[in-house]
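Student: Shown below is the structure under consideration.
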Amino acid sequence: MNRLKKPFPLVIPVLIGVIIGALISSTIFAVTGLSVFGRAPKRIDAPVVANDADLTAVALDVVGYIGSNDFGSLASVVHPDYGVVFSPYATVTLSTNKRFSAEQIALFGTDSTVYVWGVYDGSGEPIEMTPAAYFSEFVFSRNYCEAPVIGVNRIIKSGNALENITEMFPGVKFVDFHIPGCDMDLLGELDWSSLRLGFEEEDGRLWLTVILNSRWTV
């Protein structure tokens with residue numbers, strides 16, 4: 001009789017482990033499949049938090065276009081009427097952030113115009129850059145094609161900046177390509193960053209309406 005009772009303490013932890021594993025696997029999964037725009041994703045093995053295959057596929061295409069400076073393809077997903085807003089930080093400020101049309105985006109590869117994209121965190125000085133310089137510092141400052149974590153309609157990490165993408169773009173669907181920090185100090189890791197791409201659905205298609213960079217600000 002005693003031998004029959006002993007296995008139960010071992011079975012219970014196993015069952016708990018199976019349940020926890022099932023819960024984790026239901027929220028973290030590998031991205032697979034081709035983009036709805038017909039191009040293979042540039043990144044297909046990052047763990048994704050949530051499940052929206054179409055949104056993820058489009059975002060993977062867009063981050064690939066950005067990483068390869070393919071502005072023609074990037075322009076093809078920009079909202080044809082509204083265009084796309086660029087925010088250098090997590091806080092979107094439509095009064096100061098720059099908005100471009102698809103036609104303007106298509107010419108970014110050769111556009112040497114210096115635009116005012118917003119203001120620098122801390123100093124409040126205007127961010128005056130060419131498209132190439134801005135993309136290098138505030139869009140693709142790190143290789144987000146290899147982001148280890150992708151948040152779908154979820155912000156992976158926030159700093160001290162106001163997160164207002166859903167307030168400024170009601171109904172927006174967004175994907176957060178996040179690269180964790182690696183340097184530790186008394187304040188914790190400060191060198192993390194995210195490239196966040198916001199889309200709005202119209203006529204059954206997802207259109208890019210916002211590109212922002214999220215990082216620690218002062």
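Just so it is clear, none of the values below were taken in a lab; they were calculated from the coordinates. These numbers come from a predicted model, not from an experiment. Glycine gets a Cβ as well: all are built from the backbone with ideal geometry, and neighbour counts include every protein chain shown.
Student: What ranking of H178, H79 emerges when the number of other C-beta atoms within 10 Å of each C-beta is taken as an exposure proxy, fewest first?
Tutor: Least to most surrounded, the residues fall as H79, H178.
Student: I want to make sure I understand the PRE zone here: with the label point 7 angstrom from the Cα of E167 toward its beta carbon, which residues in the range 81-95 have backbone N atoms less than 14 Å away?
Tutor: Correct set: 90-95.
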